[in-house]
Each structure stands twice: as C-alpha cells, then as structure tokens.
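Structure first, commentary second.
The values are calculated or read from the model by the stated rules, or taken from the named source; none is laboratory data. Being a predicted model, the structure only gives us computed values, none of them experimental.
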Amino acid sequence: MDNFLLAHIAQRMNEMGYKGFHFEPAYIFVDAPFFEIKAYNEFYYLTSKFVDAQLVIISDTNIFNEAANFPFYNFYGIQEFSGLIEISQFITPMNLEFVRVIPTCN
C-alpha cells in the first residue's frame, strides 16, 4: 500500500471525525457475477491494480461504473465505498482487492 493511500485514509477519517482507525486487506475472490458486502460503519477502498471493464460497484456512498478507464486513474481515482456494497461483474471469477478501514472509538 502506498503512502498516498495511507495519507488519504488518515485525512478522510479525520474529516469524518474518527480519531482512531485500523485497516486490513480485504480480498474478494468469488466465482459468481454478483457479491454483496455489508460494510456499515466500515470503509472499503479499491486497491486492485487491474479490474474487468464490466465491473460495477454500487454502495450507499459511491457508484463506480467506469472500470474501462480505471488504468488511467491517478490521484483522483481512489474509490471509497461504505454501507451496503453491491459488486457485479459478468465475467467470472471476480478477483478484487480492497483496504478495509474500521474506525475505532477513542
């Protein structure tokens, strides 16, 4: 994980008023065209280097449906998801990497 992403996560948690948090990698590898994550009070950041062009991620806080342009994203390309996260991709298997951030009570 690069320093830019870590700094971004720390800034976002501070902006939302969370004094503490911890993070861990989250890997999604399923042989299905649809997957759901219940990420209430959690935040997921997409860190996959490559994604299928048909990937669509819809959450309570974000919609990501421009996967075809994903390799051209740079700093503005950090995708944050929270709440109910619905992931669909017609080509299986689905193989995605996220950073899962969990705010802590301090």
request  = Please work out if D31 is within 14 Å of L96 (Cα to Cα), acidic (D, E) and modelled with pLDDT of 85 or more.
outcome  = yes
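Here is a yes/no grid of residues against (1) under 11 Å from the mean Cα position of the chain (by Cα); (2) of a type outside the set (D, E, K, R):
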| position | (1), (2) |
| --- | --- |
| D2 | no, no |
| L5 | no, yes |
| E15 | no, no |
| H22 | no, yes |
| A68 | no, yes |
| I78 | yes, yes |
| S88 | no, yes |
| P93 | no, yes |
ask   = For the range 51-60, how many residues meet the condition of being closer than 21 Å to I9 by Cα and more than 11 Å from the chain's Cα centre (by Cα)?
value = 1
inquiry  = When you check A67 against the structure, is it modelled with pLDDT under 95 and aliphatic (A, V, I, L, M), yes or no?
reply    = yes
inquiry  = I'm told I87 meets every condition in (1) modelled with pLDDT of 95 or more; (2) within 18 Å of I9 (Cα to Cα) except one. Can you identify the failing condition by its number?
reply    = (2)
